[in-house]
1. Using a 10 Å cut-off around each Cβ, can you sort Leu1171, Leu845 from fewest to most neighbouring Cβ atoms?
2. Let me understand region 344-431 better: what is its radius of gyration from the alpha carbons, and its Dmax, in angstrom?
3. To the nearest 500 deg cm²/dmol, what mean residue ellipticity at 222 nm is calculated for the chain from DSSP H runs of n ≥ 4 alone, each contributing -39,500 (n - 2.57), summed and divided by the residues?
4. Can you sort Glu77, Glu564, Glu321, Glu346 so the residue with the fewest Cβ neighbours within 10 Å comes first?
5. Report the relative contact order of the chain, percent, no decimals, based on alpha-carbon pairs under 8 angstrom and at least 6 residues apart.
6. At q = 0.16, 0.20, 0.22 Å⁻¹, what log₁₀ I(q)/I(0) does a Debye calculation on the Cα points of region 34-102 give, no solvent, two decimals?
7. Under a crude label model (7 Å from the Cα following the beta-carbon direction), how far is Ala830 from Gln1077 in nanometres?
8. Counting pairs of alpha carbon atoms under 8 Å apart in space and at least six apart in sequence, what relative contact order in percent does region 410-534 give?
Amino acid sequence: MTRYPLLLLGSLLCAWQAAAAELPPDGWKFSNGPEFPGAAGTLRCDDKIPFNGKKSLELAGDFSRGGGYVAAGHTLEPAAELREFQFKIKGDAARAAVRFVDTDGQTHQHFLPLTGNPSVWQCIEVPVAGSPGHHWGGKNDGVLRGPVRRIAVVLHRNDFPGKTGSVRLADFRTVETRRLMQPLPLPAAAEAWKLNRGLEFAPGADASLDADGKRLLLKVDNSRHGDYAAAEYRFKAPVNAKRLSFEMRGANRNFAVRFIDAGGQFHNHLFKASGNPGETQKFAFDVAGSEHHWSGENDGVFHGPLAGIQLVVCGKFYGPEKKGETEFRNLSVEADDPAAGLPVWEAADPAALFRRTGDTSPVQLQARFPEPPKPEQLRYSYRGYDGGEVAAGTAVYDAAGRTLSAPPPPGRGFFELCYPELGIRLGLAVDDPPPAEIDEYFAQDSSLSWGPPPDDEKGIRDFMRILKKNGICWNRDRLHWPGIEKERGKFDFGGRFGLYRRIAEEEGIKALDTFHAAPPWNSESPTRFRDADPRRNLYPVNLLAAGESWSAIVRHWGALKALEVWNEPDISFGNDFPAEYVTAFTKAVSRSFADNGIDALVVGGVFASTRPGTNFYRTYIDNGLLDDSDVISYHSYAEVPDMEPQVAALRQAELDSGTPRAGIPYWITECGKPRPWTGTSRGPAEPDLYSAAEITGKAAELRALGLERYFAFEYKFRRENANNFGQMDANRTPMRGMAAYLHLVRVLSHRDYVGDLKGSDALRSRVFEGKDDLVAVLYNGTRKNRKSSVSLPSGLGVLRATGIDGRPVEFRNGRVPNTDGITYVYLDKAAKQNFIDPGTRAMELCRLAKSYRPRPRAAKPLVLQPLTDLSKLIVTNRGFYMPESGDLELKLRINNFGKTPLEFAPEIELPPGAELLTQPAAVTVPAGGTAETAFRASLAPNPKKADFQTLRVGDRNGNATPIAFSFAPFRQQELVLEAMPDGTRSPATPAELEALGNWNDFSGPANWTPWEGDKTVPDIEARLRGFYTPRELVLQVLVRDERHVNANSAFESWRGDSVQLTVQQRKADKLPLGRRQYHEITAAKCGEGQTLYAHIGTPAGKLAGSKLDFRAVGDGWYLYEIRLNGKELGLELKPGSVIGSSLIVNSDPGTGRAGFLNWGLGIAPEKSDTLFQLLVLK
């Protein structure tokens, strides 16, 4: 076997890759989808709309009489092994599909979101691969086999705005490859490997890793501390590898190999070695799962492809001295993955990709080839913000310097530089410098202390410099208290936590930090939050010690200027506990900071959701959160139109409470809009356009609403379930979301909101005033409210207009383009008199925020801490549900942070109709110590079952802010389901459905919850019934609605008209089998068709065995027949079985999710399986 020890993986380009081959337009054939009768259409080849002077195809479809799709297909003769299919498309279709038919006759269909911009030739690249979710024929397993026989471009009936439509297709190309199992070398280069010292065994091993291009030398010393050391290699993109081989020399008698799968699961394999340092041993191992595994799916099953490997040695493997060294040579993997043959490249300085206007230097990448590539392989293409090609040519490769160079991008704004034959795509931004004086409104969430890279000195420093270069000086990150203070008073400030904060301080970046775990020495529950019992308090039990800990941590790092006390306490990070728990902790931090002279800001709240229309925020106000916070923070991933109702509801709760701190500064510390996870690729343009418009639009909108700071989420490339939140790609180059956000820094820095532009048809038209001019931010977004252009009032003095990325756009005939979703229109200041409306709701909210005057935190010496026995209560983030009588005992611990003993004189405020059964005793609390008191109360029944009652406890001596408890009664409903034979189907008309009987009607205001808005009255009706068969649990939901609206993806289908439900197998005593072991599923007819999407539970994603039958049944009624496969979901479908379940029906009147009707609780606004209703199988 020929080895290439000096080359990076994928450098065998000449043997694996070929230049793209053109498919002529006259070889394509039309199909009207005959298996779905009714569609008509045509496929014409002409030069009416040419591409680069050549003919194009027009694919037209007419679905006025039904049908499913139209297609243009091409048969490959002979069949070919392909890596990628490329083409251009132009039209207003929102989606297309590409089908590959393999040698086995199986069809693999891939859906592609499109921008819908009919003026742009969109550039499409589709990896040739199997489709796990959309396949048929042949073996019908989603695995692509052998050469591709046929390719088709498909338009479905729902892809066009109306019942008819057409697109133009051109420039078809295929990139061939070889799918033979080949040995691919892993480079023995220092930049390719990373040392892992096993920091989980703090402080880790003394270890080093040396590489000279021929061999790796791993040294480990565990004689003093630590357990192991490892050399880690991460593939640029996961590789379909089957086997790993290498040579090894060392005195170690054992070693381990860890395979890291695509889901991030580590599979640890332990092997024996000779222990003879003079012997060269050869090893080869299959890439496989292991019984020793962690992270990812954590099931021991290898979920390919292979993402990385670790070579591991422990000190004990060398003998009693626990130290030694091991050499590795000739490492390689056997792989048949076509992407593995692509060149390895990087942007040596990511900050250089954020260019200044007028910069004429070439765009350079470091790239490794075995020999200079052929000119046709160096074809490059610049695409503009809209995804269309704006320039093309041939790049230059310098073999000596391994530098790939292209000319500078052609203008201002965002660009993608693509090398189609090489699989290289990167983002660039060209813009003016930001203002010299930084506007601290703009900030970034980065999480550089944990998770995916960058995790080294250079990578973190690069990211910090990009922020500073673009006018941002605030960055949000996360700390892990249990890792920093494993023993009380003993701190470890090293590792990535220390690395990032040192670099941030050196680069002039201010750090906002947060956390969501307490160390075992100060915790009632040392288990992970996801494993905690639903009544287990995750917050620190010793608040006096906790306050001192955080004073010490914050004092240590100079960059740390603000601390969020517990990230997202209202979800699982806080075990869904109510306000009084985390607020007590916040008060402890507030007082400790005051005592120790810590001037870092105390940021309270950190809510995952603000839950408008509920008592949620009011419970925090009643517990004194505002009194002990400098700032309130929250998170939102909703769209721009939802921002104003969220802020308005929060401010109204403050005003209703009478707090003197109404208008307290708000920071939104996670605000993003993800795009679908597409592996390590940048993905198609449309999701990136959507993400950019929402991230940037929300920053502008919240500026108008008076927020003080905006943290865009998230800087680095980051996967979370089916989403990618990264504003940078896997190669550390900017996505549109980063470029657009950083341009907004230039647009809005040091400008104030002055009102809305009159006479525009934009959905939002906020106007901001600067020193010399005004700028109107015109927003419609890129999806349901999208407009190709927006109007401006007659007579308006327009100075200039730009797109979302800063490129100039034309103002013509009273309209400006808005295909980006956002347009900036600069106006003369004279427009303020006649064209600006200052009397907006946004202005009211902005003025309330601006009128707030900072005042010292309360920082009272006594902090009241709840100690109530929760065994008979149901815990939620809005308070406690009481399944039994209204009598309860409440217990408090009083923590004295003062230097003298203090008396706590309890003062009780009861809700109407409640009775105090025993009076709490006054207690004297020693300085720096604690005392406890308790009392009993009886709460009167509440006529509104969903409403909470609040009981407050204060201190007559004024040494403590009050603590407040919220309670509501809980009555669990049982729905009995009849057994039916397999294949039972429901009738089709409203009358026949009504005749079935047993409908549970949950319509009406009592069961309605508004969603981030002010729609307090339901606009839908809903009924539920069900039955079961030996194989299926069948739930029928009948919904009355003016129209059905849902164009969302399956993952986000809950945002439109849909049904969300939970199912959970219960024990004979009707209790859950385990903590959070349930399925939450959305049933919807959405942009991806009729889908059942599992958000919680296993399996996740689109369900394969369960089915939805959605149909209109007349008179404004729609039926969801949800057939849940018992085997797929682990349900026992037999008489006597009990299943926990709740259900909500979402309503979208065409403007987004307005609210929902609920049958049972536990899905929204809080998630808790203890609140589910019961389905009893008869």
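Just so you know, all these numbers are worked out from the coordinates, no wet-lab data involved. Since the model is a prediction, treat every value here as computed from it, not as a measurement. Cβ placement follows ideal geometry from the backbone for every residue including glycine, while neighbour counts extend to all protein chains displayed.
1. On the way: Leu1171 20, Leu845 23.
By the 10 Å Cβ count, ascending: Leu1171, Leu845.
2. Rg, Dmax (Cα atoms, Å): 12.4, 36.
3. Numbers: 14 runs with 144 residues, N = 1178.
For the chain, the value works out to -3500 deg cm²/dmol.
4. Working: Glu77 9, Glu564 26, Glu321 12, Glu346 16.
Ranking Glu77, Glu564, Glu321, Glu346 by Cβ neighbours within 10 Å, fewest first, gives Glu77, Glu321, Glu346, Glu564.
5. Working: 3063 pairs, mean separation 76.8, N = 1178.
Relative contact order here is 7 percent.
6. Values, matching the q order: -0.76, -1.09, -1.20.
7. Result for the modelled spin labels: 7.4 nm.
8. Working: 157 pairs, mean separation 28.1, N = 125.
For region 410-534, the relative contact order is 22 percent.
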